[in-house]
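Peer 1: Provided herewith is a single structure, encoded as structure tokens, for subsequent inquiry.
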Amino acid sequence: MSMAVAGMLAGIALGFAGYFGGFGAFLLVAALGAVGFVAGRFLDGDLDAGDLFRSRDRRR
């Protein structure tokens with residue numbers, strides 16, 4: 001599945017959540033989508049767990 005199709009499906013899901021469930025449901029779907037995206041990148045091997053917890057400034 002291309003990233004354009006995945007983005008379109010995410011947009012449709014957020015639109016339905018916002019229309020039928022209100023703003024709270026919209027935020028919940030967006031947050032769970034972000035968690036799913038990070039988990040998918042981690043499982044695909046595109047993301048290292050240390051990237052999430054390592055600080056950017058290492059000159060301390």
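Read-outs throughout are calculated quantities, based only on the coordinates presented, and are distinct from any laboratory measurement. Note that the coordinates shown come from a computational prediction; the quantities given were computed from them, not determined experimentally. Quick reminder, even Gly has a Cβ in these numbers, built from the backbone with ideal geometry, and neighbours come from all protein chains shown.
Each row is one residue, and each column tells you yes or no for (1) in contact (Cβ under 8 Å) with a residue 60 or more places away in the chain; (2) of a type in the set (A, V, I, L, M, F, W, C); (3) part of a helix (DSSP H, G or I).
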site: Gly15; (1), (2), (3): no, no, yes
site: Phe23; (1), (2), (3): no, yes, yes
site: Ala30; (1), (2), (3): no, yes, yes
site: Leu43; (1), (2), (3): no, yes, yes
site: Ser55; (1), (2), (3): no, no, no
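Peer 1: Still on this structure: Can you tell me which residues in segment 15-60 are over 12 Å from the mean Cα position of the chain (by Cα) and of a type in the set (A, V, I, L, M)?
Peer 2: Answer for segment 15-60, where residues must be over 12 Å from the mean Cα position of the chain (by Cα) and of a type in the set (A, V, I, L, M): Ala17, Ala25, Leu43, Leu47, Ala49, Leu52.
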